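The values are calculated or read from the model by the stated rules, or taken from the named source; none is laboratory data. Here the structure is a predicted model, which is why all the values come from computation and not from measurement. When we count neighbours, we look across all protein chains shown, and the Cβ atoms used for this are built from the backbone with ideal geometry, even at glycine. SASA here: full protein model, heavy atoms, side chains in, ligands and nucleic acids out. Shrake-Rupley method; radii C 1.70, N 1.55, O 1.52, S 1.80 Å.
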Amino acid sequence: VIRCRAAVAWAPGKPLSVEEVEVAPPKAGEVRIKIVATGICHSDELILKGSLPNVEFPVIPGHEGAGIVESIGEGVTSVKPGDKVIPLCLPQCGECSFCLNPESNFCQKSHMSEPQNLLPDKTSRFTCKGKQIHHFLWISTFAEYTVVPEYAVAKIDAAAPLDKVCLFGCGFSTGYGAAINTAKVKPGSSCAVFGLGGVGLSVIMGCKAAGASRIIAVDINKDKFAKAKELGATDCINPRDFKKPIQEVLTEMTGQGVDYSFEVIGHADTMIAALASCNMNTGVCVMIGVPDSGSEISINPMLLLTGRTWKGTVLGGWKMRECLPKLVSSYLEKKFNSDLLITHTLPFAKVNEGFELLRAGKSIRTVLLF
């Protein structure tokens, strides 16, 4: 058993509490990882608000980390102690019908199919003050050490800087992949991106890499426009500057609507605006933002009847265990610069300050270092 620090969410609506926790050794098929760096993602904020479904308290959040394998359980063959790894919030078991389908990146062991508050054997590896602490998505990267199933770990290049590639565990991969894999953005096309957080800016990087000729960034926080332009946006617009719905503004700007639109906020009204802003016949709208638990949408069916495609994406369409190492290699080859998303780096003890920066709209990605 290892004693170490972790940020525990004891109840919704309360700040995280940095505690000493006990982390049990890995059982068969499990890996114990020393987390070196972890990013703060908006989904972690949804946990603290109590608006993510299937999360049980007390819980150790965090799902955007990178670290080094400390020990392995019986039967683990894909990683060994000392390997650099990224824990995966979307597992890849390699055995279910989705994993066996080359066109799918979803795994039926995912949190959307079964809760991941406990490890697959329905027990926790975390205790604090004599109480069992729940896992989050099996990976709980807000802990100095964490235990995860082997099929939720990707081994990466030993040269990778962990304080930079931790973003590949969620934010960067999700946005970049949504453009490249899910939308399959074509060269010369037009795109609109709703929401300029870390994921939305990663979408812009993906659209640019795919050769889009016009990338329109949409956000009510104009302080994010400079970064959006640095990463490839050609236009930046604030819906509050117009008296008409933003979908009408985008349609006027482009003639018939954009070829691809991306909603990276998670609000019903912006999802509908994003759908309506793309070309009524061949436009593709991709939903990326995570809505609050219980959200519902009502739309005019004519938005789809004329031929638009409306689709969702999870983790950018990547089969995480096999694709993440390649994505890290592309980063090392300087094919993109995801470092530009990191605006703040803090010691782990200042985790709550990191969330304050997120809530105030002052940070894109804050990375916590252990």
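Accessible area of the chain with a 1.4 Å probe: how many percent of it is carbon plus sulfur?
53
You can think of it this way: the chain between residue 77 and residue 253 has 58.0 nm of extra reach, that is 0.36 nm per residue less the Cα-Cα gap. Annotation: aspartates and glutamates with alpha-carbon distance below 16 angstrom to residue 80 (same-chain offsets under eight excluded): 30, 70, 150, 157.
Close Lys pairs in region 183-312, defined as Cα atoms under 19 Å apart and 8 or more places apart or on different chains, number 9. Normalising the average separation of contacting C-alpha pairs (under 8 angstrom, six or more residues apart) by the number of residues puts the relative contact order of region 216-294 at 25 percent. Annotation: per residue accessible area for region 204-318 equals 48 Å², rounded to a whole number [probe 1.4 Å, protein chains only].
Counting DSSP beta bridges with both partners in the chain, what percentage is antiparallel, nearest 5? Approximately 55 percent, going by the DSSP bridge assignments. With contacts taken as Cα pairs under 8 Å at a separation of at least 6 residues, region 1-139 carries a relative contact order of 24 percent.
DSSP loop (so not H, G, I, E, B), at most 13 other Cβ within 10 Å: list which chymotrypsin sites (Phe, Trp or Tyr not before Pro) in region 221-311 pass both filters.
Sparse-neighbourhood loop chymotrypsin sites (Phe, Trp or Tyr not before Pro): 242.
Summing Cβ point charges (Lys, Arg +1; Asp, Glu -1) relative to the Cα centre of region 183-312 gives a dipole of roughly 340 debye.
Assign one of three labels to region 183-312, namely rounded, prolate or oblate, based on the Cα gyration tensor with a ≥ b ≥ c the square roots of its eigenvalues; rounded applies when a/c is under 1.5, prolate when it is not and a/b is larger than b/c, and oblate otherwise. Since a/c stays below 1.5, the shape of region 183-312 is classed as rounded.
Once you mark the GluC sites (Glu not before Pro) that are in a DSSP loop and have at most 14 other Cβ atoms within 10 Å, what is the longest gap between them in the chain?
Between exposed loop sites, the widest span is 104-295.
Dividing the summed helix terms, -39500 (n - 2.57) for each DSSP H run of n ≥ 4, by the number of residues in the chain produces a 222 nm estimate of -6000 deg cm²/dmol to the nearest 500. Restricting the trypsin sites (Lys or Arg not before Pro) of region 298-341 to loop positions (DSSP other than H, G, I, E, B) with no more than 12 neighbouring Cβ atoms within 10 Å leaves 334, 335.
For the chain, the longest principal axis of the Cα atoms and the long axis of helix 198-209 meet at an angle of about 60 degrees. Model label points for residue 299 and residue 184, set 7 angstrom from Cα along the Cα-to-Cβ axis, are 1.9 nm apart.
Please say if region 51-130 is rounded, prolate or oblate, where rounded means a/c under 1.5 for a ≥ b ≥ c the square roots of the C-alpha gyration tensor eigenvalues, and otherwise the choice is prolate for a/b larger than b/c and oblate otherwise? Oblate is the answer for region 51-130, as a/c is 1.5 or above yet b/c matches or exceeds a/b. At what distance in angstrom do the alpha carbon centres of region 59-134 and region 306-337 lie from each other? Cα centroid of region 59-134 versus Cα centroid of region 306-337: 19 Å apart. Entry comment: accessible area of region 7-86 is 36 Å² per residue, from protein heavy atoms only and a probe of 1.4 Å. Across region 277-370, C-alpha contacts under 8 Å between residues 6 or more apart give a mean separation that, scaled by the residue count, equals a relative contact order of 22 percent. Computed from the C-beta positions of residue 129 and residue 49, the FRET efficiency with R₀ = 22 Å rounds to 0.40. Annotation for region 119-185: trypsin sites (Lys or Arg not before Pro) lying in DSSP loop with at most 16 further Cβ atoms inside 10 Å of their Cβ are 122, 129, 184.
Hey, could you get me the Stokes-Einstein D for the chain, Kirkwood radius over alpha-carbon pairs, 20 °C and 1.002 mPa s, rounded to whole µm² s⁻¹? Calculated translational D: 103 µm²/s. Remark: the residue 339-residue 17 segment gains 113.1 nm on full extension, using 0.36 nm per residue and subtracting the alpha carbon distance.
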